[in-house]
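One structure is given below, encoded as structure tokens.
The values are calculated or read from the model by the stated rules, or taken from the named source; none is laboratory data. Please read all numbers here as calculations on a predicted model, not as lab measurements. Glycine gets a Cβ as well: all are built from the backbone with ideal geometry, and neighbour counts include every protein chain shown. Note: areas computed on protein heavy atoms with side chains; ligands, DNA, RNA excluded. Shrake-Rupley method; radii C 1.70, N 1.55, O 1.52, S 1.80 Å.
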Amino acid sequence: MFDLEGRVALVTGAGQGMGVGIARALAGQGARVAVNDLIEERAKQAVEQILAAGGKAVPVAFDVTRLGEVETGVARVAEAFGPVDVLVNNAGNAGGGPSMKLMQFREMPVTEWRRFVDVNLYGPANCCKAVLDGMCERGFGRIITISSGAGQTGLPIGISLYGAGKSAAIGFQRHLAMEVAGNGVTVNTVSLGLMSNVGDSEEVQGLVATQPTGRLGTPEDVGAAVVYLASDEASWVTGQVLGVNGGTFLA
Ligand SMILES: NC(=O)c1ccc[n+]([C@@H]2O[C@H](COP(=O)([O-])OP(=O)(O)OC[C@H]3O[C@@H](n4cnc5c(N)ncnc54)[C@H](O)[C@@H]3O)[C@@H](O)[C@H]2O)c1
């Protein structure tokens, strides 16, 4: 089950954190994986990990917020491995991990707003644009976008614009799923809870205590969900938001 042999996957923001877990999991099921990151060195290191484990991977650095760069990157993936069958929109810029930035809306400079929507909504939109025509022509495609419980609920902790970007991505994916459902292309969202890369400060320890499962999520938890949605077996699952969050948010 969930054999991805022969499939080509592109995972964005996969140089560290959840993305590298997703890339490892897809490669572990036999997919050839293009590892994207804004920071080339990170993408190369993630590729080395996958190759060392016996998988197939290439690094492809580009900025998901720039359509021209995305199109060039997707063309490089096609040269290396063939056209993209599975796109995982994982790149994000806040709401967890080392890049987490908490700021109350009233204190946030207007100049800060756009970047949350740029990477969390337009990033997936650019990547979908670059791969969708080919997927529809070939009659097969899997698009999986990594969102957050922050896009489905309200929190007082200072992530309003991030939540807006993640929420917008969910809406975009739902509509896109309906537009391409007749073309063999599924489009789903994986909505994460608090993940293990948020550090181990006292504050984080306090949050662990509030988790129904008593632990934070891991890259392996996310990777397993993505493998399922990428598989042939998930062909009748589309337009869905799958919560991988240890029960912290019940949609
Ligand atoms: N970590 C959490 O607790 C958590 C919770 C909910 C949702 N998420 C979501 O999960 C995804 C992965 O989160 P993470 O914690 O692993 O993030 P991370 O910050 O650890 O890693 C993100 C990677 O994306 C890359 N990136 C950033 N902007 C990019 C761009 N414009 N183009 C290409 N690459 C770019 C970064 O260089 C980085 O290597 C994100 O979409 C995030 O919003 C994370």
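Taking Leu161 as the residue in question, decide whether it is at pLDDT below 95, within 28 Å of Glu112 (Cα to Cα) and surrounded by 17 or more Cβ atoms within 10 Å (Cβ to Cβ).
Judged against the criteria, Leu161 is a match.
Residues are listed down the side, and each one gets a yes or a no for (1) within 11 Å of the ligand (Cβ to nearest atom); (2) hydrophobic (A, V, I, L, M, F, W, C); (3) not in a helix (DSSP H, G or I):
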| site | (1), (2), (3) |
| --- | --- |
| Gly123 | yes, no, no |
| Cys127 | yes, yes, no |
| Met135 | no, yes, no |
| Arg142 | no, no, yes |
| Ile146 | yes, yes, yes |
| Ile157 | no, yes, yes |
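Return the residues of the stretch 207-251 that are open to solvent by less than 40 Å² (accessible area, probe 1.4 Å) and assigned to a helix (DSSP H, G or I); say none if nothing qualifies.
Val208, Pro219, Val222, Gly223, Ala225, Val226, Val227, Leu229, Ala230, Ala234
Which numbered condition trips up Gly165, out of (1) under 24 Å from Ser235 (Cβ atoms); (2) out of contact with any strand residue (DSSP E or B) (no Cβ under 6 Å at 6 or more places or on another chain)?
(1)
Among the residues of the stretch 227-248, is there at least one that is touching a residue at least 12 places away in the same chain (Cβ under 8 Å), within 13 Å of the ligand (Cβ to nearest atom), among the acidic types (Asp, Glu) and under 20 Å from Val88 (Cβ atoms)?
Checked against the condition, which is being touching a residue at least 12 places away in the same chain (Cβ under 8 Å), within 13 Å of the ligand (Cβ to nearest atom), among the acidic types (Asp, Glu) and under 20 Å from Val88 (Cβ atoms), the stretch 227-248 yields no hits at all.
Limited to the stretch 19-62, what total is found for residues that are in contact with a Phe, Trp or Tyr (Cβ under 8 Å, 6 or more places away or on another chain), without any contact (Cβ under 8 Å) to a residue 60 or more places away in the chain and polar (S, T, N, Q)?
Residues meeting the conditions: 1.
Looking only at the stretch 185-206, how many residues end up being open to solvent by less than 40 Å² (accessible area, probe 1.4 Å) and hydroxyl-bearing (Ser, Thr, Tyr)?
3
Quick one: would you say Arg138 is surrounded by fewer than 23 Cβ atoms within 10 Å (Cβ to Cβ), modelled with pLDDT of 95 or more, on the phi < 0 side of the Ramachandran plot and basic (Lys, Arg)?
Criteria met by Arg138.
Report every pair of residues separated by at least 6 positions or lying on different chains whose Cβ atoms are under 7 Å apart, first residue within the stretch 63-74 and farther than 16 Å from Ala43 by Cβ and acidic (Asp, Glu), second open to solvent by 20 Å² or more (accessible area, probe 1.4 Å) and part of a helix (DSSP H, G or I).
Listed pairs, sorted by first residue: Glu71/Ala130.
Tell me the strands (runs of 3 or more DSSP E) entirely within the stretch 1-82 that contain at least 2 residues that are modelled with pLDDT of 95 or more, away from the ligand (no atom under 13 Å from the Cβ) and open to solvent by 10 Å² or more (accessible area, probe 1.4 Å).
It comes to 56-61.
Filter the stretch 182-209 for residues that are in contact (Cβ under 8 Å) with a residue 12 or more places away in the chain and away from the ligand (no atom under 13 Å from the Cβ) and give the result.
Passing the criteria: Asn183, Gly184, Val185, Thr186, Val187, Asn188.
Which of (1) crowded, with 23+ Cβ neighbours inside 10 Å; (2) within 13 Å of the ligand (Cβ to nearest atom) is the odd one out, the single condition Asp85 does not satisfy?
Asp85 satisfies every listed condition except (2).
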